[in-house]
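Have a look at the structure below, then the notes.
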Ligand SMILES: [Zn+2]
């Protein structure tokens, strides 16, 4: 199946699909770029000393001062050096060249979340980087605006002036899935710095997309990885359909309506001129070279992969899956560093069974619907490693606890799911099954292998899946010899 018909299938748009087939099923005519906003963890805001815990407090407008509410005549403090360092670190991890000196600019626009009428945003800190096949145009630092509640027409400035990194990618992605994967990779890489605010997987990205060299349309504030795919699918179709009726998409900014899964026009796109950028006269130029040289880069997914393989004798593909999700890799290491014998079971169960369950539910590890945690997983892996439960029981338990958050050990105790190794008990079940299935047993004696599987299946059923598979086969073989 071609890439485009796969990605556009849910909407079932006939026009788009026929058109694609004509073009050989390639989606190279679609260009997607992302601007990703990353909240950086600092104690104080970018240009004042206010606390930055806006995401933990419900009372509005208590972490504010004249600077971050844009009072006339008030002067900003010097730039937050820790925040600056974190953004330089991020730019270096994205293989950017670091500019030696930058100015802070004022970007003007009018919206209630911006009390001064301009946002302070830096010139590029890093340029010309890349993450895999996707180019990074620039990384810069800026202050986050406040939050404006459209329904109640209320504004909350607790967030105003907190530190944001903005990553601007080249339009190097050609499908919604590529955009989602890139975003996932950026978010994961960013977590390796330990310098960002973890607000439950919430991120803000602006997506721009153009087809066949047409106008670039920007979609603002797409707030989830799934949202990006849906917004892009809709927008690509919309632009294609415009072309089909002889019209064209125009350069504009659109918003994504998550409820209706459509994009809606917000305004024709601002150009650089509309923002009337000027260097902020209250802030001296910022020198980056010395800070940049002193930065010690953290472990990255790539370097961690190498280390995991050598430290825990991991399979290459498993190590790859683990490091692509920092939280999961952390849990794996936590469990295994205390007990290296759990390495094989932990890695294969996480990379196969846990991933399968997450994919089946179409959720990420960080999704609040996922109730798994370190305690639950290590409990399960120990049960499996000690041969206390069968693989089958393990799978059933995993399927249940991912939604319920129960401890596997407690379920096993409460429901008596321990593996059945007692020879007498097993022998009794085997005899019963043979008695009820004489024909299958005779076939098995005659060398029919599928009869063996049938018998084992019946015995498993008789022990509620708790029988030790190896033992059952041993007993059956013994019966075969003795009769
Ligand atoms: Zn302040």
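Quick note: the coordinates plus some simple rules give every number you see, no bench work behind them. Since the model is a prediction, treat every value here as computed from it, not as a measurement. Don't worry about glycine lacking a Cβ; one is built from the backbone with ideal geometry, like all the others, and counts go over all protein chains shown.
Can you figure out the FRET efficiency of residue 470 with residue 57, using R₀ = 56 Å and their beta-carbon distance, to the nearest 0.05?
Numbers: r = 57 Å, r/R0 = 1.02.
The formula returns an efficiency of 0.45 here.
If the chain between residue 37 and residue 101 were fully stretched, how many nm would it gain, using 0.36 nm times the residue separation less the Cα-Cα distance? Intermediate results must be reported in sequence, preceding the final value.
On the way: separation 64, 0.36 × 64 = 23.04 nm, distance 2.21 nm.
Separation in residues times 0.36 nm, less the Cα-Cα distance, equals 20.8 nm.
How far apart, in nm, are two points set 7 Å out from the Cα along the Cα-to-Cβ line at residue 316 and at residue 365?
Simple spin-label model gives 2.2 nm for this pair.
Mind checking the angle between helix 391-404 and the chain's longest principal axis? C-alpha axes, 0 to 90 degrees, to the nearest 10.
40 degrees
Can you tell me the orientation of helix 423-436 relative to the chain, as the angle in degrees between its alpha-carbon axis and the longest Cα principal axis, to the nearest 10?
With both axes taken from Cα atoms, the answer is about 80 degrees.
Taking the alpha-carbon centroid of each part, what is the distance from the range 376-402 to the range 73-109 in angstrom?
48 Å
By how many degrees, between 0 and 90 and to the nearest 10, does the Cα long axis of helix 225-244 differ from the longest principal axis of the chain?
With rounding to tens, the tilt is 70 degrees.
Please work out whether the range 169-309 counts as rounded, prolate or oblate from its C-alpha gyration tensor, where a ≥ b ≥ c are the square roots of the eigenvalues and a/c under 1.5 means rounded, while otherwise a/b larger than b/c means prolate and anything else oblate? List each step's numbers first, then the result.
On the way: a/c = 2.32, a/b = 1.41, b/c = 1.65.
Oblate, since a/c reaches 1.5 and b/c is not below a/b.
Report the calculated FRET efficiency for residue 352 and residue 185 (r = Cβ-Cβ distance, R0 = 25 Å), to the nearest 0.05.
Details: r = 22 Å, r/R0 = 0.86.
E(calc), rounded to 0.05, equals 0.70.
Rounded, prolate or oblate for the range 423-482? Axes are the square roots of the Cα gyration tensor eigenvalues, ordered a ≥ b ≥ c, and the cut-off for rounded is a/c under 1.5. All intermediate terms of the calculation are to be shown ahead of the outcome.
Numbers: a/c = 1.58, a/b = 1.43, b/c = 1.11.
Prolate, because a/c is 1.5 or more and a/b exceeds b/c.
Specify whether the C-alpha gyration tensor of the range 301-414 places it in the rounded, prolate or oblate class, a ≥ b ≥ c being the square roots of the eigenvalues: rounded for a/c under 1.5, otherwise prolate if a/b is larger than b/c and oblate if not.
On the way: a/c = 2.00, a/b = 1.32, b/c = 1.52.
Oblate, since a/c reaches 1.5 and b/c is not below a/b.
Roughly what would the spin-label model give for residue 407 and residue 422, points 7 Å off Cα along C-beta, in nm?
Simple spin-label model gives 2.5 nm for this pair.
Starting from a Cα-only point model with no solvent, please compute log10 I(q)/I(0) by Debye for the chain at q = 0.06, 0.08 1/Å.
Calculated log10 I(q)/I(0) at the listed q: -0.40, -0.65.
Please work out how much length the chain gains when fully extended from residue 341 to residue 130, using 0.36 nm per residue of separation minus the C-alpha to C-alpha distance, in nm with one decimal.
Values: separation 211, 0.36 × 211 = 75.96 nm, distance 3.81 nm.
Using 0.36 nm per residue and subtracting the Cα-Cα distance, I get 72.1 nm.
Each label point is 7 Å from the Cα along the Cα-to-Cβ direction; what then is the distance between the points at residue 327 and residue 400, in nm?
In this crude spin-label approximation the distance works out to 2.4 nm.
FRET efficiency for residue 244 and residue 215, Cβ-Cβ distance as r, R0 = 22 Å, nearest 0.05? Before the final figure, lay out the partial values.
Working: r = 16 Å, r/R0 = 0.73.
For R0 = 22 Å, the calculated efficiency reads 0.85.
If you rank 421, 48, 68 by fewest surrounding Cβ atoms within 10 Å, what's the result? If you can, show how the numbers build up before the last one.
On the way: 421 14, 48 20, 68 27.
Lowest to highest Cβ neighbour count: 421, 48, 68.
Need one number: % antiparallel among DSSP beta bridges in the chain, to the nearest 5. Write out the running numbers ahead of the final one.
Values: 53 of 58 bridges.
Looking only at bridges with both residues in the chain, the antiparallel portion is about 90 percent.
How far is the Cα center of the range 26-70 from the Cα center of the range 132-152, in Å?
8 Å
Normalised by the number of residues in the chain, what is the relative contact order in percent for Cα pairs under 8 Å and 6+ residues apart?
Values: 790 pairs, mean separation 62.4, N = 483.
Worked out over the chain, it gives 13 percent.
Tell me, in nm to one decimal, what length is gained between residue 251 and residue 198 on full extension, where the rule is 0.36 nm per residue of separation less the Cα-Cα distance?
On the way: separation 53, 0.36 × 53 = 19.08 nm, distance 3.37 nm.
Extra length available between residue 251 and residue 198 comes to 15.7 nm.
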